[in-house]
1. Which pairs turn up if I take residues in the stretch D:45-61 that are under 17 Å from E:Glu62 (Cα atoms) and look for partners that are among the basic types (Lys, Arg) with beta carbon separation below 6 Å, at least 6 apart in sequence or on another chain?
2. Among the residues of the stretch A:13-39, count how many are at the interface with chain B (Cβ under 10 Å from one of its Cβ atoms), modelled with pLDDT of 95 or more and assigned to a loop (DSSP other than H, G, I, E, B).
3. Inspect all residues belonging to the stretch A:53-74 and state whether any of them is in contact with a strand residue (DSSP E or B) (Cβ under 9 Å, 6 or more places away or on another chain) and polar (S, T, N, Q).
4. Looking for whichever is part of a helix (DSSP H, G or I), touching a helix residue (DSSP H, G or I) at 6+ places or on another chain (Cβ under 8 Å), surrounded by 21 or more Cβ atoms within 10 Å (Cβ to Cβ) and at pLDDT 95 or above here; the options are D:Val55, D:Val65, D:Val70. Which one fits?
5. Taking B:Val10 as the residue in question, decide whether it is farther than 24 Å from A:Thr7 by Cβ, facing another protein chain (nearest Cβ under 7 Å) and assigned to a loop (DSSP other than H, G, I, E, B).
6. Go through the residues of the stretch D:40-59 one by one and say whether even a single one is away from chain E (no Cβ under 14 Å) and farther than 25 Å from E:Gly8 by Cα.
7. With respect to D:Ala71, determine if the residue is under 11 Å from the mean Cα position of the chain (by Cα), without any contact (Cβ under 8 Å) to a residue 24 or more places away in the chain and within 9 Å of chain E (Cβ to nearest Cβ).
8. Restricting the first residue to the stretch C:11-40 and requiring it to be farther than 23 Å from E:Cys60 by Cα and in contact (Cβ under 8 Å) with a residue 12 or more places away in the chain, which pairs with a second residue that is exposed (fewer than 14 other Cβ atoms within 10 Å of the Cβ) and small (Gly, Ala, Ser) meet a Cβ separation below 6 Å and a spacing of at least six or different chains?
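The values are calculated or read from the model by the stated rules, or taken from the named source; none is laboratory data. As the structure is a prediction and not an experimental result, all values here were calculated from the model. FYI the Cβ positions are ideal-geometry reconstructions off the backbone, even for glycines, and counts take in every protein chain you see.
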Amino acid sequence: MKIGTVTGAVWSTRKAQCLQGQTFLVVDTMLGPVVAADQVGAGKGDKVLLVTGTVAAKFCMEAPVDAAVVAIIDQEKKL
Amino acid sequence: MKIGTVTGAVWSTRKAQCLQGQTFLVVDTMLGPVVAADQVGAGKGDKVLLVTGTVAAKFCMEAPVDAAVVAIIDQEKKL
Amino acid sequence: MKIGTVTGAVWSTRKAQCLQGQTFLVVDTMLGPVVAADQVGAGKGDKVLLVTGTVAAKFCMEAPVDAAVVAIIDQEKKL
Amino acid sequence: MKIGTVTGAVWSTRKAQCLQGQTFLVVDTMLGPVVAADQVGAGKGDKVLLVTGTVAAKFCMEAPVDAAVVAIIDQEKKL
Amino acid sequence: MKIGTVTGAVWSTRKAQCLQGQTFLVVDTMLGPVVAADQVGAGKGDKVLLVTGTVAAKFCMEAPVDAAVVAIIDQEKKL
């Protein structure tokens with residue numbers, strides 16, 4: 001997974017029907033911004049875990065998404 | 001997903017039979033141009049959401065495509 | 001999908017048995033050369049559409065390939 | 001697979017329910033840090049093998065993860 | 001697929017049980033080193049074809065690997 005920070009959101013009316021009801025967040029990562037389906041109620045400035053690829057779709061009830069926020073990070077610690 | 005802008009289209013007659021009927025748009029993203037199957041009727045200059053990988057194929061009735069336009073973005077807002 | 005240009009080919013005798021009969025083309029893309037199974041009879045200098053990942057394997061009868069040429073591009077047009 | 005070094009860990013309470021019980025390590029790779037589900041009991045400074053994508057999820061009982069530590073490297077040798 | 005050159009190998013005793021019996025080669029590619037399960041008996045200096053992603057796992061009897069050597073290249077020719 002990648003760590004990212006929620007910085008924005010995206011709205012769309014003309015979209016694949018199976019995307020209805022999904023919330024799309026803009027998450028800034030080290031490799032640039034990613035638009036991800038929110039599954040945990042993340043909000044502005046939250047540090048989150050991002051899952052990408054087929055795994056994300058499976059997690060979003062097979063909606064056509066390739067990125068999903070699966071966790072809000074409480075703490076990141078050097079070992 | 002990635003955000004991109006529709007800048008062109010691609011035509012082909014010699015192609016995999018299961019690609020018949022698909023419209024292929026050129027979408028400029030931060031990581032360069034991607035050719036994507038259009039599923040929402042996007043046109044020139046539209047800002048769109050791009051899904052890549054196996055998810056895109058599933059969304060295009062299992063056609064051999066690895067990128068699809070799944071939404072036209074109305075609004076992108078900083079939170 | 002990515003757009004690329006056919007620049008070469010690759011031969012192998014010691015290979016996975018299920019790769020028998022596949023033609024492997026070297027396709028130059030913006031992100032460097034990719035070796036792809038040819039499914040449309042592409043040749044030198046052809047501008048082609050490249051599909052990558054699991055989708056490519058499915059399209060090649062589940063052979064262990066992760067890239068396939070699925071179309072020869074006739075025309076690419078700015079919209 | 002990619003080779004990486006375990007440098008940290010990540011904690012989360014608000015997360016996808018199916019992530020319960022997974023340990024998330026921060027693994028530094030040549031392409032930047034990746035957060036991976038630990039499947040072998042890796043710890044600080046361990047050099048590990050990292051699997052990414054759908055394969056990682058399958059290996060973690062279909063949890064929504066896209067990276068997993070599958071081995072601790074004893075030795076890496078030039079041939 | 002990517003073309004790479006075998007430059008090393010990796011050993012591990014603490015690993016996922018389903019990785020037993022796999023040989024892991026270090027393959028240098030244009031995008032950096034990749035550790036891949038060897039399926040064709042490749043050795044030092046061999047130029048090989050590398051398959052990545054879910055396809056590689058399927059080819060390795062569903063072992064948790066995301067890269068596999070599927071062919072030793074005899075010849076690469078400009079067309």
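1. If the second residue must be among the basic types (Lys, Arg), the pairs left are D:Leu50/D:Lys2.
2. 2
3. no
4. D:Val55
5. Considered against the rule, which asks whether it is farther than 24 Å from A:Thr7 by Cβ, facing another protein chain (nearest Cβ under 7 Å) and assigned to a loop (DSSP other than H, G, I, E, B), B:Val10 comes out as no.
6. Looking through the stretch D:40-59, none of the residues is away from chain E (no Cβ under 14 Å) and farther than 25 Å from E:Gly8 by Cα.
7. No.
8. C:Met30/B:Gly32
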